[in-house]
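Below is the structure I would like to discuss, written out as C-alpha cells.
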Amino acid sequence: MKPLDGIVVLEFSQFMAGPSAGLRLADLGARVIKIERPETGEAGRNIATKNMYLDGSSLVFHTANRNKESFTANLKDKEDLKKVNSLIAKADVLTHNFRPGVMEKIGLDYDSVVQINPKLIYATVTGYSRKGEWIAKPGQDLLIQAISGLTHLSGNQNDLPTPFGAAAVDMLCGTHLVQGILAALIKRTKTDKGAWVEVSLLESAIDFQLEIFTTFLNNGKKPPLRSKTNNAHALLEAPYGIYGTSDGHIAISMGPFGILLNILGLSEELHDLDTFINRDELKEEISNALQKKSTKEWLVELQAKGLWCSEVNNYHQILGSEEFKELAMKQEVKLLDGTQFHTTRCPIRINDETLLSSKPAPRVGEHTERITQEFNI
C-alpha cells in the first residue's frame with residue numbers, strides 16, 4: 001500500500017508545474033484524474049521537446065502525466081459542469097494553474113467549490129500570485145527565471161544573463177505545491193476541513209534563491225557578482241567552480257585551500273590572497289595549473305588530500321556509471337499503441353522501496369465513460 005492510496009485528485013492543471021505535482025502525488029499512490037477538453041485535451045499535449053511525439057501526444061506530456069486518468073468535459077457546458085461538480089463532491093484534492101479569474105468565470109473558484117465539498121484541498125499554481133500588476137503576465141519558466149533575478153547567477157561575470165537549461169522553476173513550484181497539499185491533508189485529519197493551497201512560480205523562484213536574497217538584504221544590498229571565470233556560485237569564494245583539464249573538466253567545491261595551491265604547484269604568494277576579494281585572480285591561476293594533467297590524475301591527487309572534487313559527466317557518462325545503475329532511476333512505460341519509452345522514476349523511497357509505475361499517460365478522455373459510471377454522475 002502506498003502512502004496516498006485512496007486519495008482522489010482532480011487535475012485541471014496543464015503544461016509542467018501543476019502536472020509535475022500530480023505526477024508526484026500519483027507516484028505516492030493517489031488516483032489522479034485529469035479534467036481535459038474534449039478531443040484536444042490539455043494544451044501540454046502539444047508542447048514538445050525536440051519535436052518528439054508518441055501516441056499522438058508530446059513526449060514531455062507522457063513524461064509528466066504517466067500514471068493518471070483522463071476525463072473530458074467542456075467546462076462551459078452546463079451538463080458537463082454538473083458532472084465535474086459531482087466529481088468534486090467526491091474528490092480529496094483539486095489542482096489548477098489557470099490565470100486568476102478563469103475559474104471564477106465558470107464557477108469553480110475556491111468559494112464556490114468549498115460549498116460543494118468543504119473537505120476539499122483546493123491547490124492552485126499562478127505565475128505571480130493573485131495580486132499585483134503582474135497577474136496578467138504569462139507565467140512561464142524562462143520568463144520567471146528572468147524576472148526573479150535567477151539568470152544573474154549562472155555563467156561568468158561578462159556573460160549575458162544566463163538561465164538554467166531546464167524547467168527549474170516549474171519543477172520547484174510543483175514540488176512546493178505537493179508540500180502544501182500534503183500539509184493540508186494532514187491538517188484535514190485534525191480539523192475535518194479542507195484548505196486552499198497557493199503557490200506561484202515567482203515565489204518559488206525567489207525561495208530557490210533564499211541564500212542570495214538573504215545575503216543581499218543583509219550586506220547593504222550589494223548584488224551577487226559572478227566570477228570573471230569558472231563561475232559556479234556568485235557568492236562563494238575560490239576555488240568553487242568547474243575547470244578544464246588536459247582531457248576534460250573537473251569540479252572543485254571546497255577543502256583546505258592552501259593544500260590545493262601546494263598540489264597545483266602554485267606560488268607561495270598566492271597563499272596570502274583573500275579567497276573572496278581575490279577570487280578572480282586565484283581562479284585564473286588554478287585554471288591554468290589544472291590544464292597540465294588529466295581529470296583522473298587530478299582527482300586521485302586532490303581527493304587523497306581531502307579536497308571535495310568530482311569529474312564532470314555528460315549524459316552518456318552518468319547513465320553508464322555504476323552509481324546510476326545502482327540507483328535504478330530508469331523505468332519503462334508501455335503506451336496503449338504498444339510503443340515503449342524509458343523515463344525516470346519517482347526519487348522517493350518508502351521503507352527502502354522505490355515507487356514505480358508503468359501506467360502510461362492517458363489518451364484524451366480515455367477514462368471518461370468508466371469514471372462516469374463509477375462515480376454515478
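Laboratory data are not the source of any read-out in this text; all were calculated from the coordinates shown. None of these values were measured; they are calculated from a predicted model. Reconstructed Cβ throughout: ideal geometry from the backbone, glycine too, with neighbour counts over all protein chains shown.
Cα extents of segment 139-184 along the three principal axes, largest first, in whole Å?
On the principal axes, segment 139-184 reaches 45, 18, 16 Å in Cα extent.
When the scattering of the chain is computed by the Debye formula from its Cα atoms alone, each counted once and equally, what is log10 I(q)/I(0) at q = 0.08 Å⁻¹?
-0.53
Given +1 on the Cβ of Lys and Arg, -1 on the Cβ of Asp and Glu, and no further charges, what dipole in debye does the chain carry about its Cα centre, rounded to the nearest 20?
So the magnitude is around 1280 debye.
Report, to the nearest 10°, how far helix 17-27 tilts away from the longest principal axis of the Cα atoms in the chain, using its own Cα long axis and a range of 0 to 90°.
Its long axis makes an angle of about 80 degrees.
For segment 1-43, which GluC sites (Glu not before Pro) are both in a DSSP coil and crowded by at most 15 other Cβ atoms within 10 Å? Spell out each step's value before the answer.
On the way: sites: Glu11, Glu36, Glu39, Glu42; in loops: Glu39, Glu42.
Those that pass, being in a loop and sparsely packed, are Glu39.
Mean-square fluctuation check for the chain, GNM, Cα pairs under 10 Å: which of Thr162, Thr339, Thr40 is largest?
Thr339
Which FRET efficiency value, to the nearest 0.05, is calculated for Glu211 and Asn278 with the Förster distance at 25 angstrom and r the Cβ-Cβ distance?
My answer for the efficiency is 0.65.
Something else about it: Which of Ile252, Ile116, Ile186 moves most in a GNM of the chain, Cα contacts under 10 Å?
Highest fluctuation among the options: Ile186.
Then there is this: Say the dipole of segment 56-116 comes from +1 at the beta carbon of Lys and Arg and -1 at that of Asp and Glu; which of Leu87, Thr72, Asn97 then lies farthest toward its positive end?
Thr72
Something else about it: In nm, give the distance between the simple-model label positions of Met1 and Lys190, each being 7 Å from the Cα along the Cα-to-Cβ direction.
Distance between label points: 2.3 nm.
Would you work out which of Thr229, Gln115, Thr354 lies farthest towards the positive end of the dipole of the chain? Charges go on Cβ: Lys and Arg +1, Asp and Glu -1.
Gln115
I'd like to know how segment 1-90 sits against the 2.2 N^0.38 Å rule of thumb: what's its Cα Rg over that expected value?
After normalising by residue count via 2.2 N^0.38 Å, the value is 1.12.
What is the distance, in nm, between label points placed 7 Å from the Cα along the Cα-to-Cβ direction at Glu104 and at Tyr315?
Output for this residue pair reads 4.2 nm.
Here is a further query. For segment 262-319, which chymotrypsin sites (Phe, Trp or Tyr not before Pro) pass both filters: DSSP loop (anything but H, G, I, E, B) and at most 15 other C-beta atoms within 10 Å?
Qualifying residues, ordered by number: Phe276.
Going Cα to Cα from Lys296, which lysines come in below 24 Å? Please leave out same-chain ones fewer than 8 positions away.
Lys283, Lys305, Lys325
First check a/c for segment 212-328, with a ≥ b ≥ c the square roots of the eigenvalues of its C-alpha gyration tensor; if it is under 1.5, answer rounded, and if not, answer prolate when a/b is larger than b/c or oblate otherwise.
Oblate.
Under a cut-off of 14 Å between alpha-carbon atoms, report the aspartates and glutamates in cross-link reach of Lys190, not counting same-chain residues fewer than 8 places apart.
Output for Lys190: empty list, no partners.
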